[in-house]
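Asks: Supplied in structure tokens, the structure appears directly below.
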Amino acid sequence: MMNQLLSTLFPQGCEVREEGALIFGTATVDGRHVELLGITGNAPLGLREALGLSRAVLSIMEKQPGVPMILLVATRGQKMHLQDELLGLNQALAHLCQCLEMARQRGHRLVAVIHGEALGGALIATALMADTVIALPGANPSVMPMEGIARVTKLPLPFLEELSRTNPVFKPGAESFHRMGGVDLVNPADPAS
């Protein structure tokens, strides 16, 4: 599945390596070298993954000033594991955001490609930090599942479902995020452009 996605996104070629749920590599887009990194397989973004992505961003900035970065994002959200929480997952996610913002400030163009689930803090710390966010067919960005919104807000689920029919803030999905400005392109004909 990942090979098919990569060959569709990068018909001019790419080389990738996977480290658990993380992916790193290089590709050619319009004859130009780009760096690839991201989290795939709808895996949760934990402490190890956040720090691995941060390390990659810092390395790219140091060794390849200004090279564009493409973030591949498919994650079911931040890892809900007590150990990760106690070791500072919130700080690792904030550090990842800071690294991506520093890359932007140093002239690295960031493009995020959501190709699966993209939930919660993991969505915010990856895709929503990019200059351009592309949602491929099947992408499903969401800050929180509707049931979670109901628990947090103490509003009845049927009421929220009714609100989601007219208000994109309450409705998960690429189209809703596009309406709110969080996603720039939805189901593009040529995602590599």
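Asks: Among 116-122, 96-102, how do they line up from the highest to the lowest mean number of other beta-carbon atoms within 10 Å?
Replies: Packing order, densest peptide first, comes out as 116-122, 96-102.
Asks: Here is a further query. Write out the trypsin sites (Lys or Arg not before Pro) in region 13-120 meeting two conditions: DSSP loop, and at most 11 other Cβ atoms within 10 Å of their Cβ.
Replies: Loop-located and lightly packed - Arg106.
Asks: Can you list the aspartates and glutamates whose alpha carbon sits under 20 Å from that of Lys154, skipping same-chain ones fewer than 8 residues off?
Replies: Within the straight-line limit of under 20 Å, Lys154 reaches these aspartates and glutamates: Glu162.
Asks: Would you check the accessible area of His108, probe 1.4 Å, heavy atoms only, in square angstrom rounded to 10?
Replies: Accessible area of His108: about 10 Å².
Asks: If amide hydrogens are placed 1.01 Å from N in the peptide plane, which non-local residues have theirs closer than 5 Å to the one on Met144?
Replies: Gly120
Asks: Related question: What is the magnitude of the charge dipole of region 20-118 about its Cα centre, with +1 placed on the Cβ of each Lys and Arg, -1 on the Cβ of each Asp and Glu, and no other charges, expressed in debye to the nearest 20?
Replies: Values: 9 positive and 8 negative charges, 38 e Å.
Computed charge dipole of region 20-118: roughly 180 debye.
Asks: So, one more: With a 1.4 Å probe and all protein chains left in place, how much of the accessible area of region 1-103 comes from carbon and sulfur atoms, in whole percent?
Replies: 52 percent
The values are calculated or read from the model by the stated rules, or taken from the named source; none is laboratory data. Please read these numbers as outputs of a predicted model, since none were measured by experiment. Here Cβ is always computed from backbone atoms with ideal geometry, including for glycine, and neighbour counts include all displayed protein chains. Accessible surface is based on the protein model in full, side chains and every heavy atom, while ligands, DNA and RNA are left aside. Shrake-Rupley method; radii C 1.70, N 1.55, O 1.52, S 1.80 Å.
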